[in-house]
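S.K.: One structure is given below, represented as structure tokens, and several questions about it will come after.
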Amino acid sequence: MNEFDQQPEYKSGTIRHFNNFQSQYVQARNIDVWLPAQFDSQNSYAVLYMHDGQNIFESESSFNRISWKVDETLSYLIREKTIRPCIVVGIWNTEKRFQEYTPLKPFLNYNIQDPDMALNEVLNNCISDEYLKFITLELKPFIDSTFNTLKDKDNTFISGSSMGGLISIYALCEYPEIFGGAACLSTHWPFSLIQADPLMFNAITDYLKVNLPSPKTHKIYFDRGTETLDSLYSSYQTEVDRILKETGYSKKSWMTSIFEGDEHSELYWQRRFHIPATFLLSD
């Protein structure tokens with residue numbers, strides 16, 4: 001059983017906390033569900049699933065005491081009728097964040113060069129496929145049965161930053177029938193902080209060329225800053241953008257933004273979250 005606690009009403013809505021949510025695929029974790037102010041169980045809502053869920057609503061639970069303030073941003077956008085009404089499912093990470101957020105399938109046929117420290121990081125105990133099974137086979141059915149949601153892919157989205165950006169685009173490619181769009185902020189294309197192996201990036205681009213969903217039915221958002229860790233991403237993102245263009249993505253289905261001076265942190269993702277939210281959730 002999942003322990004259920006409803007926190008006090010916020011001016012920007014209600015956060016419902018599911019403690020120690022169980023899974024047969026990955027270890028248990030907390031789940032936060034944000035409901036907008038004036039939430040009406042008689043209406044149906046789009047759903048945005050977000051990784052690193054402890055960082056997106058409350059500064060107290062964020063690892064660096066800075067949150068994305070997703071509830072405040074979406075409350076404003078909904079109130080202004082900029083986006084359709086939605087709920088947000090914040091999926092807390094665990095100590096296995098790297099193993100859960102690193103896409104596995106691009107590397108299964110990887111040309112192993114020994115010793116390859118970066119590859120070993122991926123292949124040793126990588127559980128990203130199990131993590132996505134948890135979201136699609138366990139968490140989504142629970143959310144859809146507990147709240148009145150719009151269950152189709154055109155109203156189901158996924159988002160994250162850094163490694164959370166990697167697992168978001170992977171989720172879109174692996175489950176295009178479930179997710180209609182992904183927002184990937186400051187995507188950590190180098191994968192490793194130990195050894196940024198360029199062949200690993202080639203593996204993910206080869207995967208994207210084959211597995212990107214149709215631009216006629218899906219939306220993809222990428223961005224990056226120019227400072228701290230984000231300063232590493234320019235050439236990687238340029239190559240991904242080229243693949244998106246070749247796949248047929250255009251302004252209607254894809255956006256990549258560059259934010260001069262932005263660093264790799266929750267503060268900057270907080271400041272620009274309204275852009276991917278509007279891109280995915282506007283009608």
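S.K.: Can you work out which of the residues in the stretch 162-187 that are within 8 Å of the chain's Cα centre (by Cα) and under 17 Å from Leu139 (Cβ atoms) is surrounded by the most Cβ atoms within 10 Å (Cβ to Cβ)?
M.R.: Ser168
S.K.: Could I ask something else about it? Those residues that are surrounded by 12 or more Cβ atoms within 10 Å (Cβ to Cβ) and over 20 Å from the mean Cα position of the chain (by Cα), I need them from the stretch 246-263; list them, please. I'd like the intermediate steps shown before the answer.
M.R.: Filtering the stretch 246-263 down to residues surrounded by 12 or more Cβ atoms within 10 Å (Cβ to Cβ) leaves 247-249, 253-259, 262-263.
Correct list: Thr247, Gly248.
S.K.: Between residues in the stretch 122-135 that are more than 10 Å from Pro103 (Cβ to Cβ) and residues that are assigned to a helix (DSSP H, G or I) and modelled with pLDDT under 90, which pairs lie under 7 Å by C-beta distance while being six or more apart or on different chains?
M.R.: Pairs that qualify, where the first residue is more than 10 Å from Pro103 (Cβ to Cβ) and the partner is assigned to a helix (DSSP H, G or I) and modelled with pLDDT under 90, are Leu123/Phe107.
S.K.: Of all the residues that make up the stretch 42-72, how many are among the charged types (D, E, K, R), touching a residue at least 40 places away in the same chain (Cβ under 8 Å) and at negative phi? Full working, then the answer.
M.R.: Restricting attention to the stretch 42-72, the residues satisfying the condition of being among the charged types (D, E, K, R) are 52, 58, 60, 65, 69, 71-72.
Next cut, touching a residue at least 40 places away in the same chain (Cβ under 8 Å) only: 52, 58, 69, 71-72.
From what's left, at negative phi: 58, 71-72.
So the count comes out to 3.
S.K.: Just name the residue that is surrounded by the fewest Cβ atoms within 10 Å (Cβ to Cβ) out of those in the stretch 20-39 that are in a strand (DSSP E or B) and touching a Gly at 6+ places or on another chain (Cβ under 9 Å).
M.R.: Among those that are in a strand (DSSP E or B) and touching a Gly at 6+ places or on another chain (Cβ under 9 Å), it is Asn30.
S.K.: Looking only at residues that are surrounded by fewer than 21 Cβ atoms within 10 Å (Cβ to Cβ) and either hydroxyl-bearing (Ser, Thr, Tyr) or part of a strand (DSSP E or B) (or both) in the stretch 123-161, which one is nearest to the chain's Cα centre (by Cα)?
M.R.: Here the residue is Thr136.
The values are calculated or read from the model by the stated rules, or taken from the named source; none is laboratory data. As the structure is a prediction and not an experimental result, all values here were calculated from the model. Reconstructed Cβ throughout: ideal geometry from the backbone, glycine too, with neighbour counts over all protein chains shown.
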